[in-house]
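Just so it is clear, none of the values below were taken in a lab; they were calculated from the coordinates. As the structure is a prediction and not an experimental result, all values here were calculated from the model. Counting neighbours? That spans all protein chains shown, and the Cβs are built from the backbone with ideal geometry, glycine included.
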């Protein structure tokens, strides 16, 4: 194959320049998209951490509350048992 004509060289150079510009635009769009997704994932992880902390806080509060309620329920059972015993005696 012989030497490339000057016109053909100009055309090839222009094509190469346009391909390079297109590659730069594509790379830029990928970088933008990557940064947007990274931001979304970070925000989602932060929200998940916040929700998890709230759930843990509620669970801890329930753990503190449960023995108190168990004690109240036991007291009510005793009182109901006493009432039932008195009721049975009163009916007899």
Whole-number D in µm²/s for the chain (Stokes-Einstein; Kirkwood sum over Cα pairs; 10 °C, 1.306 mPa s): 74
Chain lengthening between residue 73 and residue 12 when straightened (0.36 nm per residue, less Cα-Cα): 13.1 nm
Segment residue 19-residue 4, length gained on full extension (0.36 nm per residue, minus Cα span): 3.4 nm
Label point distance in nm, residue 66-residue 82, each placed 7 Å from Cα along Cα→Cβ: 2.9
